[in-house]
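Report on one structure; see the data block that follows.
The values are calculated or read from the model by the stated rules, or taken from the named source; none is laboratory data. This structure is a prediction, so every number in the text was calculated from the model and none was measured. Note: ideal-geometry Cβ built from the backbone for every residue, glycine included; neighbour counts use all protein chains shown.
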Amino acid sequence: MDLREELQRIYDANNQLTPELVVEEASSPDSKLHRYFEWDDTQAAKQYRFIQADNMIRRVKIVWKETPKSKPVRIRAFLPAAPQAKKTESYNYKPTEEILVDDFQRRILFNNMVRDFEAFKRKYRNMEGYSDYLLGQLEELAS
């Protein structure tokens, strides 16, 4: 049984699919999902705190552009920087202002934006009926 089939089985049994149901099912060592989780609570707690810290860093915003005629534009205060020589599992963030004045960092930011946009297009490519809305939002973004 593959991962999708196992998740479908949980959905069929409960008429819903939630993270809580998946973890409950996976908690049994005999479950096909068990191997996808960290069961050492100390290690899992440490990993979760990294996720919380990552979310905290990404949540902080600054006002980027403010003119009398437009609403303030709020953007992330810290952005992922170019990879460091020392490889870690988490991002290295830098203040947005520093990244935007460094040509190398700015190119990496642009490449990441292109990658994210391509992923967005792939994700919603087949969602008929929404393309007009999305195009309108893109036009608004460009203006």
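Here Lys32 meets each of (1) under 30 Å from Ile10 (Cβ atoms); (2) free of Cβ contacts under 8 Å to residues at least 24 places away in the same chain; (3) not acidic (Asp, Glu) with one exception, condition (2).
Pull up the range 104-138, narrow it to residues that are among the acidic types (Asp, Glu) and modelled with pLDDT of 80 or more, then point me to the one that is nearest to Lys65 (Cα to Cα). Working first, answer last.
Pass one, the range 104-138, residues among the acidic types (Asp, Glu): 116, 118, 128, 132.
Next, only the ones that are modelled with pLDDT of 80 or more stay: 116, 118.
Details: Asp116: 23, Glu118: 26 Å.
The selected residue is Asp116.
Output yes when any residue across the range 64-74 is at pLDDT below 95, β-branched (Val, Ile, Thr), more than 30 Å from Leu134 (Cβ to Cβ) and exposed (fewer than 10 other Cβ atoms within 10 Å of the Cβ), and no when none is.
Here is the first cut: in the range 64-74, the ones at pLDDT below 95 are 64-74.
Retained after the next criterion (residues that are β-branched (Val, Ile, Thr)): 67, 73.
Filter once more, keeping what is more than 30 Å from Leu134 (Cβ to Cβ): none.
Looking through the range 64-74, none of the residues is at pLDDT below 95, β-branched (Val, Ile, Thr), more than 30 Å from Leu134 (Cβ to Cβ) and exposed (fewer than 10 other Cβ atoms within 10 Å of the Cβ).
Looking only at the range 47-78, residues that are among the β-branched types (Val, Ile, Thr), touching a Ser or Thr at 6+ places or on another chain (Cβ under 9 Å) and free of Cβ contacts under 8 Å to residues at least 24 places away in the same chain come to 1 in all. Of the candidates Leu100, Leu134, the single residue that is farther than 23 Å from Ile62 by Cβ and surrounded by 12 or more Cβ atoms within 10 Å (Cβ to Cβ) is Leu134.
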